[in-house]
Amino acid sequence: MEKNGVTFSFLAYTYGTNGLLPDTDWRVAYFDEEKIRQDVARAKEISDVVIVSAHWGDEDTPVVNDFQKSYAQLFADLEVDVVIGTHPHHIQPIEWLTGENGNEMLVVYSLGNFLANALADINTLGGMITFDFVVDEEGTSVENIKFKPTISHFTEYKTGMEIPTKDFKIYMLDEYTDELASEHGLNRFDDIEIKPEHYQKLVDDIIAPEFLETAP
């Protein structure tokens, strides 16, 4: 993709497909070091910026596992610019990694869920991230990174079925009030009480302050 004279390449890899086999050898790209090295080298030949979508990590935890760390470092060593992670259904840390040539790469290990048919309160927390690519005579840099936490809200479950059925809406966490939280469908479970301050604490504990929307 070309935007304002800058060419972007997008690559995507997954740890697996839940036992389902793709019907072609090109439809799904699994994590494979040699393939990744070839893909990134080709992408860098034809583009200014390389962004990777990484489907990885353990579900329902903020903890980054060794698989994620290993491949994130590989991407950094290959001078990828940004890695955006999915799959854990829970927000995970954001950080800078230094590649073997001294380059800096932004990695978002997991954005959590954006729209969630969730049965646990942690799965209703997600986020969006924005950043700018600045290209000059010295190369490309990633600047103005801001993570914006979101809440996936719904109000009712269909009787006898564990699926939410009404009033799906995404709220920014800083706009999510106690009144809205009291109407969340997950409050029907005895062991769940939706509270904005609980989500805010999760965000503050997991996401470094420099990446938060409220940062100066």
Using the Cα centre of the chain as the reference point, and only Cβ charges (+1 on K/R, -1 on D/E), how large is the resulting charge dipole? Debye, rounded to the nearest 20. 620 debye
Which residues does a label at K3 reach in the range 128-143, if reach means a backbone N under 19 Å from a point 7 Å past the Cα toward the Cβ? 128-136, 139-143
Separation of the range 1-60 and the range 182-216 by C-alpha centroid, Å? 31 Å
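Per the Kirkwood definition applied to all pairs of different Cα atoms, how many angstroms is the hydrodynamic radius of the range 40-145?
For the range 40-145, inverting the mean 1/r across all distinct Cα pairs yields 14.5 Å.
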So how much slack lies between L21 and S182, counting 0.36 nm per residue of separation and subtracting their Cα-Cα distance, in nm? 53.7 nm
In what sequence, highest mean first, do 55-65, 120-130 appear when ranked by Cβ atoms within 10 angstrom? 120-130, 55-65
For the range 1-112, the charge dipole (Cβ of Lys, Arg +1; Cβ of Asp, Glu -1; about the Cα centre) points to a positive end, and the Cα of H55, T7, I36 closest to that extreme belongs to T7
Mind telling me which of V80, V107, V40 comes out most flexible in a GNM of the chain, alpha-carbon contacts under 10 Å? V40
Comparing L97, L21, L180 in a Gaussian network model of the chain (Cα, 10 Å), the one with the largest mean-square fluctuation is L21
Cα centre as origin, Lys/Arg/Asp/Glu Cβ charges: the range 118-216 dipole, Debye: 520 debye
For Y71, Y15, what ranking results if the residue with the fewest other Cβ atoms within 10 Å of its Cβ goes first? Y15, Y71
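Where a number appears in this text, it was derived from the coordinates with a stated rule and is not lab data. These numbers were taken from a predicted model, which means no experiment stands behind them. Note that we place each Cβ from the backbone using ideal geometry, even for glycine, and neighbour counts take in every protein chain shown.
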